[in-house]
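Asker: The structure under discussion is supplied below as structure tokens; questions concerning it will follow.
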Amino acid sequence: MPREFSRSVRVASQLQRELAELLRGQVRDSRLGMVTVSEVEVTRDLSLAKVFVSFLGAAQTVPRSLALLAERVPILRRELARRMRMRSVPELRFVYDDSIERGMRMDAILNELKEPPNDEPKTSPERE
């Protein structure tokens with residue numbers, strides 16, 4: 001009976017959990033704000049992991065925040081090696097995930113479409 005999930009999917013899932021915990025607990029940098037790991041994609045040979053992140057309350061721009069995370073890759077990989085049972089931990093590449101921003105923009109557009117236009121004349125109350 002074939003497995004339901006490939007190994008790369010299982011590794012990606014575990015990497016996402018572990019990285020989220022590491023970024024929440026051990027990477028304390030006020031310049032980053034709160035980092036959310038939304039998804040991890042791992043290549044089939046498990047050599048590269050693309051980590052999709054978003055930032056809430058970041059004092060820096062997105063490229064600067066990604067650079068701050070890139071500086072911490074050796075520390076993160078070392079800690080991942082301790083936590084996961086793998087021969088070698090994949091190389092980590094952080095990528096900005098703008099899906100939250102796009103969703104908020106779409107929600108704002110939909111809310112604008114639902115509101116009635118303000119150019120309708122107001123009716124005065126009828127007098128008896």
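Asker: Using θ = phi - 60° and the Karplus form 6.51 cos²θ - 1.76 cosθ + 1.60, what ³J(HN,Hα) does each residue of the stretch 101-115 get, whole Hz, x for Gly and Pro?
Answerer: 5, 4, x, 5, 5, 4, 4, 5, 5, 5, 5, 5, 5, 6, 5
Asker: Roughly how many nanometres apart are two label points built 7 Å out from the Cα toward the Cβ at Asn111 and Val73?
Answerer: Modelled inter-label distance: 3.8 nm.
Asker: Another one. Given Cα pairs under 8 Å that are at least 6 residues apart, what percent is the relative contact order of the stretch 7-114?
Answerer: With pairs under 8 Å counted, the relative contact order is 26 percent.
Asker: Once Lys and Arg get +1 and Asp and Glu get -1 on their Cβ, which of Ala70, Val11, Leu110 lies farthest toward the positive end of the dipole of the stretch 7-114?
Answerer: Result: Val11, furthest along the dipole toward the positive end.
Asker: What is the Cα radius of gyration of the stretch 7-114 over 2.2 N^0.38 Å, N being its residue count?
Answerer: The value comes to 1.18.
Asker: Around Ser38, which amide H atoms from residues at least 5 apart in sequence, or from another chain, sit under 5 Å from its own amide H, with H modelled in the peptide plane?
Answerer: Long-range HN contacts for Ser38: Phe52, Val53, Ser54.
Asker: Here's a follow-up. What FRET efficiency do you get for Ser47 and Met104 if R0 is 35 Å and r is their Cβ-Cβ distance, rounded to the nearest 0.05?
Answerer: 0.50
Asker: Please give, to one decimal in nm, the separation of the simple spin-label points placed at Glu91 and Gln26, each 7 Å out from Cα toward the Cβ.
Answerer: Going by the 7 Å Cα→Cβ label model, 2.1 nm.
Every number here is computed from the coordinates shown, using simple stated rules; none is lab data. Since we're looking at a predicted model, the values are computed, not measured. Note that each Cβ is placed from the backbone with ideal geometry, even for glycine, and that neighbours are counted across all protein chains shown.
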